[in-house]
Amino acid sequence: MTVYDAVLARRSYSKVTAETPSTEEIERLLEAAATAADHAGLAPWRVIELRGAARERLGDALAAAATAAGADADAAASQRRKPLRAELLLAVVVSYRESRKAERWEQDAAAAGVAHLLTLLLDDAGWGAMWRTGPFTRTAPVAQLHGLTVDEALLGWIYVGGRPDGARRERHATVDLAQRHTQLRIAGED
C-alpha cells in the first residue's frame, strides 16, 4: 500500500477492544513518527503511555478539573469514565524548547505532526486509534497527573486498542477543495 492509499484508508475508531500493542511496538512506531517535519530539529514532544490504574488516575484528574469548573456530580462522573474507553492511552505532550528559529506555534505543529503520524502508523499496523481531547485537557490536575513542566502542554490522548469486529472502514467525507485550495496570484504575473 502506498502512503497515499494508507492516508485515504485511515480512520478513527471511537470504540476499540482490550487488545493493545506492546511498549516495544509503540516505540517502533514512534521511531517512524519522529520523522515528522520539525523546524530546527528540536524534537519538542514526548509521549506518555497510560495503562491500567494510570487511566483511573487520569479519570480522577479529569473529574477534579470538571468539579473545579463548576460541573455537577454526573458531569464529573462522566469525565472520570472517559479514560476507561481504551486499555491504552498515549498522551502527546509538546515540550517547548528554547529556540531563535522555531517559535512555540511551530513546536506545537511539530508535536501535532508526530501525533498524526502515530495515528496513521497505528492504523497501518492494524490497531484502532482515535486522538481525543476535551475541555479539561489543559487543566492543572491533568498536567500534574502527567508530570508536565511549566514548558510543556498536553495535546491530547491517542486511545488505542484492537479493532472491533464489524467496524466500518468507510472513507472519510471529502472536503470541498474549491473552499480549501486557492492559488496566490500576483498582479501582472501569468
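What number of residues in the range 97-122 are within 22 Å of ASP5 (Cβ to Cβ) and either at pLDDT below 95 or within 12 Å of the chain's Cα centre (by Cα) (or both)?
Number of matching residues: 9.
Return yes or no: is LEU122 buried (at least 17 other Cβ atoms within 10 Å of the Cβ), touching a strand residue (DSSP E or B) at 6+ places or on another chain (Cβ under 6 Å) and under 18 Å from GLU27 (Cα atoms)? In short, yes.
How many residues does the range 80-110 contain that are open to solvent by 10 Å² or more (accessible area, probe 1.4 Å) and over 24 Å from PRO164 (Cβ atoms)?
Going through the range 80-110 one residue at a time, the tally reaches 12.
Taking the range 96-139 as the range and being among the charged types (D, E, K, R) and assigned to a loop (DSSP other than H, G, I, E, B) as the test, the residues that pass are ARG97, GLU98, ARG100, LYS101, GLU103, ARG138.
Evaluate the following for GLU19: is it at pLDDT 95 or above and in contact with a Gly (Cβ under 7 Å, 6 or more places away or on another chain)? The answer is yes for GLU19.
Being in contact (Cβ under 8 Å) with a residue 24 or more places away in the chain, open to solvent by 50 Å² or more (accessible area, probe 1.4 Å), within 19 Å of PRO135 (Cβ to Cβ) and out of contact with any Pro (no Cβ under 6 Å at 6 or more places or on another chain) is the requirement here; does ALA73 meet it?
Numbers: in contact (Cβ under 8 Å) with a residue 24 or more places away in the chain: no; open to solvent by 50 Å² or more (accessible area, probe 1.4 Å): yes; within 19 Å of PRO135 (Cβ to Cβ): yes; out of contact with any Pro (no Cβ under 6 Å at 6 or more places or on another chain): yes.
So ALA73 fails the test.
Looking at VAL150, VAL142, which one is assigned to a loop (DSSP other than H, G, I, E, B) and either open to solvent by less than 50 Å² (accessible area, probe 1.4 Å) or at pLDDT 95 or above (or both)? Write out each step before concluding.
Details: VAL142 fails: assigned to a loop (DSSP other than H, G, I, E, B).
Only one candidate passes the filter, namely VAL150.
Does LEU58 satisfy the criteria of being touching a residue at least 40 places away in the same chain (Cβ under 8 Å), assigned to a strand (DSSP E or B), in contact with a His (Cβ under 9 Å, 6 or more places away or on another chain) and among the aliphatic types (A, V, I, L, M)?
Details: touching a residue at least 40 places away in the same chain (Cβ under 8 Å): yes; assigned to a strand (DSSP E or B): no; in contact with a His (Cβ under 9 Å, 6 or more places away or on another chain): yes; among the aliphatic types (A, V, I, L, M): yes.
Answer is no for this residue.
The values are calculated or read from the model by the stated rules, or taken from the named source; none is laboratory data. Predicted, not measured: the structure shown is a model, and the values here were computed from it. Because the Cβ atoms are built from the backbone with ideal geometry, glycine has one as well, and the counts that use them run over all protein chains shown. Surface accessibility is based on the protein's heavy atoms, side chains included, excluding ligands, DNA and RNA. Shrake-Rupley method; radii C 1.70, N 1.55, O 1.52, S 1.80 Å.
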